[in-house]
């Protein structure tokens with residue numbers, strides 16, 4: 001798509017070495033964003049947020065990286081890597097952030113607002129490894145996050161070269177959600193690019209999430225072709241429990257082989273479920289679909305008579321451990337999801353009380 005303000009893109013831009021100008025479609029632009037533009041915004045330039053720091057933003061334009069200026073009372077925390085913004089080409093000041101097609105956000109205990117992870121992501125690569133790091137309960141939390149955000153999850157199982165039977169990890173991962181795809185690879189090997197190519201085409205955006213030490217930074221370096229000083233730092237894991245240290249400390253947007261873009265994220269020590277009812281329903285579809293057959297509409301699937309879900313457990317068609325994890329995440333989501341209270345027109349948001 002030709003952008004009406006594209007000619008102004010040359011102002012104040014740091015160019016890549018010998019790299020031709022990219023189209024907006026190359027950066028991930030689509031009709032979803034174009035439809036948001038107004039006639040009054042024809043002189044503004046469309047850019048994509050590439051990194052968010054405490055006091056500054058950088059963006060990816062059609063011809064290179066740009067450091068943006070913020071208007072009065074505009075905070076960097078209002079933006080996520082992957083956001084599309086409209087920028088004044090003369091001052092490089094952000095004028096407006098466009099509505100997001102998808103948004104990954106992390107709810108942390110005690111925080112009033114969620115932490116923005118990445119925006120406008122097409123595919124979320126949930127990275128774990130074929131060792132002790134593999135944890136179905138933690139993977140389900142990431143899957144609920146992806147489902148609620150409106151992005152497609154793919155489980156990426158790294159260190160397949162070090163596992164005796166990587167296929168067993170793949171089978172366990174794909175069983176976590178209906179139609180879920182899981183792939184095994186060695187993040188250091190060049191053929192990892194081919195394995196992930198279906199989701200990394202021109203204009204496509206992927207994000208990497210997962211705990212520390214699973215190979216996210218190594219995978220990023222392989223996908224982006226970065227080495228030496230340009231590469232993301234990588235760290236070794238502890239031999240006794242396969243856990244690693246944080247090597248990525250901020251989120252950033254990188255070009256990758258095939259014309260796509262990848263957003264790296266720091267390892268997450270905790271991931272709380274909140275405002276994820278739809279995401280959990282998709283994750284546990286086999287339970288969601290059985291529930292209407294229970295005798296009681298508000299069945300907890302714990303002790304009520306006529307429970308179709310418990311009947312499936314007794315029949316051996318539903319894993320009892322799966323039901324227990326569903327119950328735990330449902331309780332956590334209910335507890336962490338605020339509710340509106342007070343008279344109409346003057347409602348306030350308050351946390352739920354424990355039962």
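Values quoted throughout were computed directly from the atomic coordinates according to the rules given, and no laboratory measurement underlies them. Being a predicted model, the structure only gives us computed values, none of them experimental. All Cβ positions, even for glycine, are placed from backbone atoms using ideal geometry, and neighbour counts span all protein chains on display.
In what order do 282, 47 fall by count of nearby beta-carbon atoms within 10 Å, going from fewest to most? Don't skip to the answer; put the middle values down first.
Working: 282 18, 47 27.
So the residues, fewest neighbours to most, are 282, 47.
May I ask you to sort 99, 160 by Cβ crowding, counting other Cβ atoms within 10 Å and putting the fewest first? Show your work: numbers first, answer last.
On the way: 99 14, 160 21.
If I rank by nearby Cβ atoms, fewest first, I get 99, 160.
Just how many % of Cα pairs in segment 60-147 lie over 23 Å apart, if you round to the nearest whole percent?
On the way: 1544 of 3828 pairs.
Here the long-distance tail beyond 23 Å is 40 percent of all Cα pairs in segment 60-147.
Would you list 272, 72 from fewest to most Cβ contacts within 10 Å? If you can, show how the numbers build up before the last one.
Details: 272 17, 72 4.
Ordered from fewest to most neighbouring Cβ atoms within 10 Å, 272, 72 come out as 72, 272.
Compute the Kirkwood hydrodynamic radius of segment 88-216, taking the inverse of the mean of 1/r over all pairs of distinct Cα atoms, and give it in Å to one decimal. Each step should come with its number before you reach the end.
Details: mean 1/r = 0.0624 Å⁻¹.
Hydrodynamic radius (Kirkwood, Cα only) of segment 88-216 equals 16.0 Å.
Over segment 101-155, calculate the relative contact order: mean separation of alpha carbon pairs under 8 Å at least 6 apart, over the residue count, as a percent.
That works out to 40 percent.
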